[in-house]
Amino acid sequence: MFLQQVVNGLTLGSTYAVIALGYTLIFGVLNIVNMAHGEIFMIGAFVGLMLVTKFNVSIFVALAGAMVVGAALGYLLERVALRPLRRREVSHLAPLISTIGVSIFLESLALKIFGPQAQSFPPLYSGQLFEIGTLKISLIQIIILAISFGLMLALRFWLDKTKLGKSIRATAENIETAGLLGIDTRKVIVLTVMLASGLGAVAGVLVGLAFNAVEPTMGISMGFKGLAVLILGGLGNVTGAMIGGLILGIAEVFSVAYGSSSYREAVAFGLIIFLLFLRPQGLFGSQTSQGGR
Amino acid sequence: MIKMKNAIRKWTVTTLAIMFTVAVAGCGGSQSAAPGNSAGGAAKIGVVSFLSGGGAAYGEAIRQGLELARDEINAKGKTKLELIFEDSKGEKNEAINATNKLIHKDNVLAIIGPTLSGEMFAAGPIASQAGVSIMGTSTTAEGITDIGDYVFRNSLPESLALPNVVKKAKDKFSLKKVAVMYSNNNDFTVSGFKTFEQAIKDNGLETVTVETFADKDTDFSAQLTKIAALKPDAIIISALYQEAALILKKAREIGITIPIIGNNGFNSPQLIKLAGSASEGAVVASPWFPGKDDAKVKNFVAAFKAKYNKEPDQFSAQAYDAMYIMADAIEKAGTTTDRKKLRDSLATVKDFQGVTGKFAFDAKRNPAMDVTILVVKDGKFTELK
Amino acid sequence: MEDLLNPYYLQIVMFMMINAMLGISIYLTLSTGQLSLGNAGFMSVGAYTSALLTLKVGLPLVLAIPVGGIAACLIAAVIGIPTTRLQGIYLAIATLGFGEVVRVIILNMKITNGALGLSGIPSLSTLIGNRLSAMGLGQGAMGLTLQQISNITVIILLACIVVFLVFFSLRLRSSRIGRAFAAIKADEHAAEVSGVNTVYYKLMAFFLGAFVAGIAGGLAAHLTFYIGPKDFSYHRAVEILLFAVFGGSNVVWGPLLGSVILTSLPEILRSVAEYREMIYGAILVIMMIFRPQGLISEDTIRFWRSKLTGSSAQAEKSEPARRPAG
């Protein structure tokens, strides 16, 4: 059972990791936590679902479609809720509160449009089981692991090697200097938010597939887990988010397997509170950055 | 600074003085209009239901059952009913405000609802103190009717249904060891679990493990993997149909083939729709058997399908019956305005034939009704013999 | 006139008072620039503690409620101590997570009865009603029923607590502690560099907020006969935040106004009940863009005060210039 639970944990964890990536990208560049990320994730899931059920496209087209919608939502978010706040002198809490507002708005909008019932993807994508020894992995789990890891590696490569990726990192490092160096920081910010939201939307489709339930409140709990991973991995640290997500997934699954399943939801935040005592900059953050003072 | 302190003191005292004056100068505090009456002599019944928000599916199902019954009753012409719906969003404070509004502003004759046991615990005392009958159609926790003499319910407490299903399953499947799963953040499923626990003990079965999850959870692989490794003879689950369907699917997906026994929450056509072939063989105890060979049931299902384009689940069925019970009681009491008379009339309901079977209120205003054991076969609920 | 004293309205006023207290609890923490999203969690700690004390141990209300507040403080220490050393965002996320952890624990503890909640909690108005009966006012007086009199007494009691809190906040503000708070809110680094013990003051503000939220929770529990884990969800925490943010986060009158408006609005707008959350979300976003300090800010107060007391040089010159913060 141990190995099986590890696989369960990795699958769960990879979804957490992809969500956390969105949070950490935005934090890195804008220094804010986008509380609406969970809702963008949820809308991505619905978009994917609608594309597959109403328009009968393949799952990969659905993923792409969700990414596009997610990016569009990200653009709107940046334009409407975040950019106006950068122009004036507001406290660092204002963007946080503003994104909380967006998240509440999106959640109830989705409830109104899609209804409270959980909906599922058609059964074409589920059911196939592969057996490796005593291990049972479903096709869906394989797809999710592949796509999540693929995305993470692609993102890592892109941030390290491409010009745009490097501009993002530069802006995250220090926005004023980046501006002085000729980087169009405004464009970078918009792009980062769009990218992060696109990733979030894709994560939504993956999770919707994995657990076969898409409903408007799924953004909240996933959003919480993403926040937990954000702190676990270190604010703004991309590698931290990836590994942190996997760790959280495994921790949660193991707490069910070997402990009590009732406290599963508390594992994520229990971890954070614990971590805040010992190593607030997260597992991968550096001492001098966001953590201490 | 001193000026400010004095200013504040001035304002506070003034405000309090005004409030006292208002209270003292107060006129008679009697209710304005006769309760329950509206133009045309229709009986006004208030409904508090979970109409928007995460659990709205259940509140909507209840609303649909009530409206269908109301239309049928009004068409018959003997009693006229007017329903006033208030949304409680599943929140206790909202339920309180809604109940207060219905009683003191809309002057209803009686109230049906609220949806959740938690809401009932908060709203019930208010209604009871005000002398307004309040009837729950989905509140299954223990102790609901102990709130007061005006609190009724026709929702079958799990304590009647579940022991039956455990015993029958044990006999049929020769069970010795079972695993239990339940949703622990929902009063409906937690009550179900407690009843299951007792029934398992009474039947001498061994519990290999108890696993929990929460409403809206979607990942059950950890719990099910753990259960599979322990090799029980059956899994007993207390959940709402959404989670139940997901669990069924996941269980069958990872190769669990043992029988799965569910609480009332399983009893919904949505379960079969969501779980598909994974729902085959699921066993449920319920007063609501949609395939029953009974004219009343058949008519209800047909009418419901015609109006709402879907099959009625247990919530709708019990709400439908509740409306009829209420109408019956109003007719017998011979009044659309006397709250006390209605209450007494309700308390004497006996031999009522509803779509959920024979019904009567017992001495504590809880339902006394029959239970059928159902199993999902070929995509439909059929009786387990 | 009896319309005003309708139990429906009286109950709403009671909720307004509780919400005002909760709004003030967030305001207190916010006055050092910290955002606590876990006040629903502290509220639940206060509510459960005091309810269990009155239900199981029979402790009189007047003791049970403060104990609830203290319990909330103790729990606040668990998150407060590590996070006050760090940036504000850590506190926000940690309190958010804390709210969730508390919820899960409450769901699973035997003593809190899990999802079934605690019912049959002695209600303040019933207790007062009994007291009044014993004094011979059993049949009501002045044309009001016993229930209405006891409800009004409860409202007066709650109002007194709110008034006390307002008074306390105003005094605090102009005290040395209040100035330290304001300095930290304006610029934490500068404050620290000038010798203000920021961790100490931040923790104090956090404890104050938790205590008030705990008291509010204890009172609320004894108003509604029942408490359950669903009453203290994330949505509640956001609602509480809304009172302060909407009404005004810089002055104590803000949460007061916010709670009055936002408690009565749902009743007035019953017809659009299903859009309420959307409207709340939109309000948050719009407020942050156009008026991040909320409806009432210091300028508003200065303006009205100068109008009322007639003296034009009333503006307190000693207050440091503050950023219109969110």
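The values are calculated or read from the model by the stated rules, or taken from the named source; none is laboratory data. As the structure is a prediction and not an experimental result, all values here were calculated from the model. We place every Cβ from the backbone using ideal geometry, glycine too, and count neighbours over all the protein chains shown.
Within region B:219-227, is even one residue over 30 Å from residue C:103 (Cβ atoms), of a type in the set (D, E, K, R) and not in a helix (DSSP H, G or I)?
Pass one, region B:219-227, residues over 30 Å from residue C:103 (Cβ atoms): none.
No, region B:219-227 contains no residue that is over 30 Å from residue C:103 (Cβ atoms), of a type in the set (D, E, K, R) and not in a helix (DSSP H, G or I).
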Any residue in region B:304-331 that is without any contact (Cβ under 8 Å) to a residue 40 or more places away in the chain sitting within a Cβ distance under 9 Å of a residue that is among the hydrophobic types (A, V, I, L, M, F, W, C) and in a loop (DSSP other than H, G, I, E, B)? List the pairs, counting only those 6 or more apart or interchain. B:328/B:349; B:329/B:349
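Among B:243, B:197, which is the only one that is part of a helix (DSSP H, G or I), within 22 Å of residue C:229 (Cβ to Cβ) and free of Cβ contacts under 8 Å to residues at least 40 places away in the same chain? Before the answer, list the steps.
Values: B:243 fails: free of Cβ contacts under 8 Å to residues at least 40 places away in the same chain.
Going through B:243, B:197 in turn, the sole match is B:197.
Does residue C:156 fit the bill of being at the interface with another protein chain (Cβ under 10 Å from one of its Cβ atoms) and of a type outside the set (Phe, Trp, Tyr)?
Details: at the interface with another protein chain (Cβ under 10 Å from one of its Cβ atoms): yes; of a type outside the set (Phe, Trp, Tyr): yes.
Answer is yes for this residue.
Residue by residue through region A:85-119, note down the ones that are outside any helix (DSSP H, G or I) and out of contact with any strand residue (DSSP E or B) (no Cβ under 7 Å at 6 or more places or on another chain). Spell out the reasoning first.
We begin by selecting, within region A:85-119, every residue outside any helix (DSSP H, G or I); these are A:88-92, A:115-119.
Those that are outside any helix (DSSP H, G or I) and out of contact with any strand residue (DSSP E or B) (no Cβ under 7 Å at 6 or more places or on another chain): A:88, A:89, A:90, A:91, A:92, A:115, A:116, A:117.
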Of (1) assigned to a helix (DSSP H, G or I); (2) surrounded by fewer than 24 Cβ atoms within 10 Å (Cβ to Cβ), residue C:110 fails just (1)
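Out of all the residues in region A:125-136, which are under 25 Å from the mean Cα position of the chain (by Cα) and either within 11 Å of another protein chain (Cβ to nearest Cβ) or outside any helix (DSSP H, G or I) (or both)?
Step one: filter region A:125-136 for residues under 25 Å from the mean Cα position of the chain (by Cα), giving A:125-126.
Scanning region A:125-136 gives a single hit, A:126.
Please specify each residue of region A:187-236 satisfying the condition of being assigned to a helix (DSSP H, G or I) and either among the charged types (D, E, K, R) or free of Cβ contacts under 8 Å to residues at least 40 places away in the same chain (or both).
Step one: of region A:187-236, the residues assigned to a helix (DSSP H, G or I) are A:187-211, A:218-233.
Within region A:187-236, A:187, A:191, A:211, A:225 qualify.
One line per residue, one yes/no per condition, for (1) surrounded by fewer than 22 Cβ atoms within 10 Å (Cβ to Cβ); (2) modelled with pLDDT of 90 or more; (3) touching an Asp or Glu at 6+ places or on another chain (Cβ under 6 Å); (4) not charged (D, E, K, R):
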| site | (1), (2), (3), (4) |
| --- | --- |
| B:172 | yes, no, no, no |
| B:178 | no, yes, no, yes |
| B:182 | no, yes, no, yes |
| B:191 | no, no, yes, yes |
| B:221 | no, no, no, yes |
So residue B:142 passes all but one of these: (1) within 14 Å of the chain's Cα centre (by Cα); (2) buried (at least 24 other Cβ atoms within 10 Å of the Cβ). Which condition number does it fail? (2)
Taking the conditions exactly as written (surrounded by fewer than 20 Cβ atoms within 10 Å (Cβ to Cβ), over 21 Å from the mean Cα position of the chain (by Cα) and either at pLDDT 80 or above or not in a loop (DSSP other than H, G, I, E, B) (or both)), does residue C:321 satisfy them or not? no
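Only one residue in C:214, C:218, C:254 is part of a helix (DSSP H, G or I), in contact with a Phe, Trp or Tyr (Cβ under 6 Å, 6 or more places away or on another chain) and surrounded by 24 or more Cβ atoms within 10 Å (Cβ to Cβ). Which one? Outline the logic, then answer.
Numbers: C:218 fails: in contact with a Phe, Trp or Tyr (Cβ under 6 Å, 6 or more places away or on another chain); C:254 fails: in contact with a Phe, Trp or Tyr (Cβ under 6 Å, 6 or more places away or on another chain).
Sole residue among the options that is part of a helix (DSSP H, G or I), in contact with a Phe, Trp or Tyr (Cβ under 6 Å, 6 or more places away or on another chain) and surrounded by 24 or more Cβ atoms within 10 Å (Cβ to Cβ): C:214.
Do you know which of the residues in region A:247-286 that are charged (D, E, K, R) and at the interface with chain C (Cβ under 9 Å from one of its Cβ atoms) is farthest from residue B:216 (Cα to Cα)? Write out each step before concluding.
Step one: list which residues in region A:247-286 are charged (D, E, K, R), which gives A:252, A:264-265, A:279.
Now drop any that are not at the interface with chain C (Cβ under 9 Å from one of its Cβ atoms), which leaves A:264-265.
On the way: A:264: 14, A:265: 12 Å.
Only one residue tops the list, namely A:264.
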Evaluation of residue C:286 against (1) part of a helix (DSSP H, G or I); (2) within 11 Å of another protein chain (Cβ to nearest Cβ); (3) closer than 22 Å to residue C:11 by Cα (one fails), failing number: (3)
Look through C:108, C:113 and report the one residue that is free of Cβ contacts under 8 Å to residues at least 24 places away in the same chain, closer than 28 Å to residue B:193 by Cα and more than 12 Å from chain A (Cβ to nearest Cβ). C:113
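To keep it simple, each residue is scored yes or no on (1) away from chain B (no Cβ under 11 Å); (2) surrounded by fewer than 22 Cβ atoms within 10 Å (Cβ to Cβ); (3) closer than 20 Å to residue A:66 by Cα.
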{"site": "A:138", "(1), (2), (3)": "no, yes, no"}
{"site": "A:148", "(1), (2), (3)": "yes, no, yes"}
{"site": "A:159", "(1), (2), (3)": "yes, yes, no"}
{"site": "A:168", "(1), (2), (3)": "yes, no, no"}
{"site": "A:178", "(1), (2), (3)": "yes, yes, no"}
{"site": "A:184", "(1), (2), (3)": "yes, yes, no"}
{"site": "A:194", "(1), (2), (3)": "yes, yes, yes"}
{"site": "A:207", "(1), (2), (3)": "no, no, yes"}
{"site": "A:211", "(1), (2), (3)": "no, no, yes"}
From the set of residues in region B:242-265 that are out of contact with any Asp or Glu (no Cβ under 7 Å at 6 or more places or on another chain) and away from every other protein chain (no Cβ under 14 Å), which is nearest to residue B:214 (Cα to Cα)? B:262
Scanning region B:206-215 for residues that are crowded, with 22+ Cβ neighbours inside 10 Å and farther than 15 Å from residue A:259 by Cβ gives none
It is to be established whether one or more residues within region A:106-124 are away from chain C (no Cβ under 14 Å), surrounded by 15 or more Cβ atoms within 10 Å (Cβ to Cβ) and modelled with pLDDT under 80. no
Within the bounds of region B:74-82, is there any residue that is at pLDDT below 90 and either touching a Gly at 6+ places or on another chain (Cβ under 7 Å) or not assigned by TED's automatic domain parsing to the domain that holds residue B:313 (or both)? yes
Looking at this structure, is residue B:128 surrounded by fewer than 24 Cβ atoms within 10 Å (Cβ to Cβ), at negative phi and not assigned by TED's automatic domain parsing to the domain that holds residue B:245? yes
